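Asks: Questions regarding the structure given below will be posed in turn.
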Amino acid sequence: MSMKKQPNAVPAYSFGKRRGASMLMDRLFTGTVWGIGIVVILFIVGLLFLLLEKGLPLLSWDFLYGVPSEIEEGGGIGPALFNSFYVLILSLLISIPIGMAAGIYLAEFAPNNKLIEVVRICVEGLSSVPSIIFGLFGIALFVEYFEIGLTILGAAVSLAFLNLPVLTRVTEESIRAVPVELRNGSFALGSTHLQTIRHVLLPVALNGIMTGICLTAGRAFGESAVIILTAGVSTSGEMWDFNLLSPGGTLAVHLWYIQSEAIVPDAVEIAQKTTAVLIFVALLINILFRVPLWLNARKNQV
């Protein structure tokens, strides 16, 4: 008489228990993420309030357009604020085209061999090099080799060198993240490689690229080590000085100078107001660079 082997009986409630445990873990994870997110937001809001509460109410047009004073109180930040925007725009005009071109080359045209891998490792390494190293390079190039002294031109080019590695890697990774089906579909419709990059890859990768540009712009605007070494801590004293060979002390450098070496009686008040302007402009830069993303998202929805 043969006996059939009975399969192991599975308790009817096991799936429900596992599902109940999974739901509990999901709720714990969700609660933990929400808690960490709320703590981070509260920390950021508290930090901004701490930095802005004293300086922001004291801001005036005279302070924003005024010339810094070395001895008397009541000096402004006009030339330093202008130099901040001037150096930032020049550095972005240099670094964005070169960085995007290098990123497109690495993502679309570079062969997949060890040499390119070494290049990628070098680019990633340069993106983590301290900014003061780029400042020392700027001194060696512009001050010692070309002998043009501490200038706006030297600061802008040195900042561009600082931004290039980040822009290159961000552009490459953003383009490589585009689904391959979109690229193949464009080629299947008869588009050339250039048309595919212009009309398919770059629009899809725009969010990542703009995020990288936004981060580098904010970093460049608040950079001080490179500016001190290549453009000096002073300005020409004129509000709208477009001369590339003039001293290029920026707002971040002016804040460092006021806090460490200034002898004016109202140095603390000037530092508080300068801090408020620096943070406000950094936030404004982030919003302005988000506008193309909003327009692109609205265009895609239509």
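The values are calculated or read from the model by the stated rules, or taken from the named source; none is laboratory data. Keep in mind that this is a model prediction, so the values were computed, not measured. As a convention, Cβ positions derive from the backbone with ideal geometry for all residues, glycine included, and neighbour counts pool all protein chains shown. SASA here: full protein model, heavy atoms, side chains in, ligands and nucleic acids out. Shrake-Rupley method; radii C 1.70, N 1.55, O 1.52, S 1.80 Å.
Asks: Please work out if Ile133 is open to solvent by 60 Å² or more (accessible area, probe 1.4 Å), among the aliphatic types (A, V, I, L, M), free of Cβ contacts under 8 Å to residues at least 40 places away in the same chain and within 28 Å of Ser84 (Cα to Cα).
Replies: Numbers: open to solvent by 60 Å² or more (accessible area, probe 1.4 Å): yes; among the aliphatic types (A, V, I, L, M): yes; free of Cβ contacts under 8 Å to residues at least 40 places away in the same chain: yes; within 28 Å of Ser84 (Cα to Cα): yes.
Here the answer is yes, as Ile133 does meet what is asked.
Asks: Does the stretch 89-105 hold any residues that are open to solvent by 10 Å² or more (accessible area, probe 1.4 Å) and either among the hydrophobic types (A, V, I, L, M, F, W, C) or within 18 Å of the chain's Cα centre (by Cα) (or both), and which are they?
Replies: Kept after step one, since they are open to solvent by 10 Å² or more (accessible area, probe 1.4 Å), are these residues of the stretch 89-105: 89-90, 92-94, 96-98, 100-102, 104-105.
Within the stretch 89-105, Ile89, Leu90, Leu92, Leu93, Ile94, Ile96, Pro97, Ile98, Met100, Ala101, Ala102, Ile104 meet the criteria.
Asks: For Leu284, state whether it is surrounded by 17 or more Cβ atoms within 10 Å (Cβ to Cβ) and under 21 Å from the mean Cα position of the chain (by Cα). Let's see the steps before the verdict.
Replies: Values: surrounded by 17 or more Cβ atoms within 10 Å (Cβ to Cβ): no; under 21 Å from the mean Cα position of the chain (by Cα): yes.
Criteria not met by Leu284.
Asks: Restricted to the stretch 144-160, and to residues that are more than 13 Å from Glu223 (Cα to Cα) and of a type in the set (A, V, I, L, M, F, W, C), which residue is most open to solvent (accessible area, probe 1.4 Å)? First the steps, then the outcome.
Replies: Taking the stretch 144-160 first, the residues more than 13 Å from Glu223 (Cα to Cα) are 144-154, 157.
So of that shortlist, the ones also of a type in the set (A, V, I, L, M, F, W, C) come out as 146, 148, 150, 152-153, 157.
Details: Phe146: 110, Ile148: 57, Leu150: 80, Ile152: 1, Leu153: 59, Val157: 25 Å².
Result: Phe146.
Asks: Restricting attention to the stretch 259-289, which residues are among the acidic types (Asp, Glu) and modelled with pLDDT of 85 or more? Walk me through it before giving the result.
Replies: To start, the set of residues in the stretch 259-289 that are among the acidic types (Asp, Glu) comprises 261, 266, 269.
Scanning the stretch 259-289 gives a single hit, Glu269.
Asks: Same structure again: So which pairs qualify, if the first residue must be in the stretch 52-71 and over 21 Å from Phe82 (Cβ atoms), the second must be open to solvent by less than 80 Å² (accessible area, probe 1.4 Å) and not aliphatic (A, V, I, L, M), the Cβ gap must be under 6 Å, and the two must be at least 6 apart or on different chains?
Replies: Lys54/Gln272
Asks: Okay, next question. If Val178 satisfies every condition in (1) in a helix (DSSP H, G or I); (2) open to solvent by less than 20 Å² (accessible area, probe 1.4 Å) but one, which is the exception?
Replies: (1)
Asks: Hey, could you check the stretch 1-27 for residues that are open to solvent by less than 100 Å² (accessible area, probe 1.4 Å) and either modelled with pLDDT under 70 or not charged (D, E, K, R) (or both) and say which is farthest from Ile279 (Cα to Cα)? Full working, then the answer.
Replies: Initial filter on the stretch 1-27 (open to solvent by less than 100 Å² (accessible area, probe 1.4 Å)): 9, 11, 14, 16, 20-23, 26.
Still in the list and also either modelled with pLDDT under 70 or not charged (D, E, K, R) (or both): 9, 11, 14, 16, 20-23.
Numbers: Ala9: 66, Pro11: 61, Ser14: 56, Gly16: 53, Gly20: 47, Ala21: 46, Ser22: 44, Met23: 42 Å.
Top of the filtered list is Ala9.
Asks: Moving on to the next point. Can you run down the residue pairs with Cβ atoms below 9 Å, 6 or more apart or on separate chains, where the first is in the stretch 174-196 and closer than 14 Å to Leu106 by Cα and free of Cβ contacts under 8 Å to residues at least 40 places away in the same chain and the partner is open to solvent by less than 30 Å² (accessible area, probe 1.4 Å) and of a type in the set (S, T, N, Q)?
Replies: Hits for this filter: zero, empty list.
Asks: OK, next. Looking at (1) under 26 Å from the mean Cα position of the chain (by Cα); (2) of a type in the set (Gly, Ala, Ser); (3) over 18 Å from Gly232 (Cα atoms), which is the one condition that is false for Gly185?
Replies: Just one mismatch for Gly185, condition (1).
Asks: Let me ask something additional. When you scan the stretch 256-281, how many residues do you find that are surrounded by fewer than 17 Cβ atoms within 10 Å (Cβ to Cβ) and not charged (D, E, K, R)?
Replies: Residues that pass the stated criteria total 6.
Asks: In this structure, is Ile258 free of Cβ contacts under 8 Å to residues at least 40 places away in the same chain and part of a helix (DSSP H, G or I)?
Replies: Numbers: free of Cβ contacts under 8 Å to residues at least 40 places away in the same chain: yes; part of a helix (DSSP H, G or I): yes.
Here the answer is yes, as Ile258 does meet what is asked.
Asks: Scan the helices (runs of 4 or more DSSP H) fully inside the stretch 181-237 and keep the ones with 2 or more residues being open to solvent by less than 40 Å² (accessible area, probe 1.4 Å) and closer than 22 Å to Val253 by Cα. So that I can check it myself, show each step before the final result.
Replies: Working: elements: 193-196, 206-222, 225-231.
So the answer is 206-222, 225-231.
Asks: I've got another one for you. Would you mind listing the helices (runs of 4 or more DSSP H) fully within the stretch 46-141 where at least 3 residues are among the aromatic types (Phe, Trp, Tyr)? If you could, list the steps in order and put the result at the bottom.
Replies: Values: elements: 61-65, 78-104, 114-127, 131-138.
Of the helices (runs of 4 or more DSSP H) lying wholly inside the stretch 46-141, those with at least 3 residues that are among the aromatic types (Phe, Trp, Tyr) span 61-65, 78-104.
Asks: Look at Glu124 and say whether it is acidic (Asp, Glu) and over 30 Å from Leu295 (Cβ atoms).
Replies: On the way: acidic (Asp, Glu): yes; over 30 Å from Leu295 (Cβ atoms): yes.
Spelling it out, Glu124 is indeed acidic (Asp, Glu) and over 30 Å from Leu295 (Cβ atoms).
Asks: Further question on the same structure: Given the criteria modelled with pLDDT under 90 and within 30 Å of Asp241 (Cα to Cα), does Gly125 qualify? Give the derivation first.
Replies: Numbers: modelled with pLDDT under 90: yes; within 30 Å of Asp241 (Cα to Cα): no.
Against the criterion (modelled with pLDDT under 90 and within 30 Å of Asp241 (Cα to Cα)), Gly125 does not qualify.
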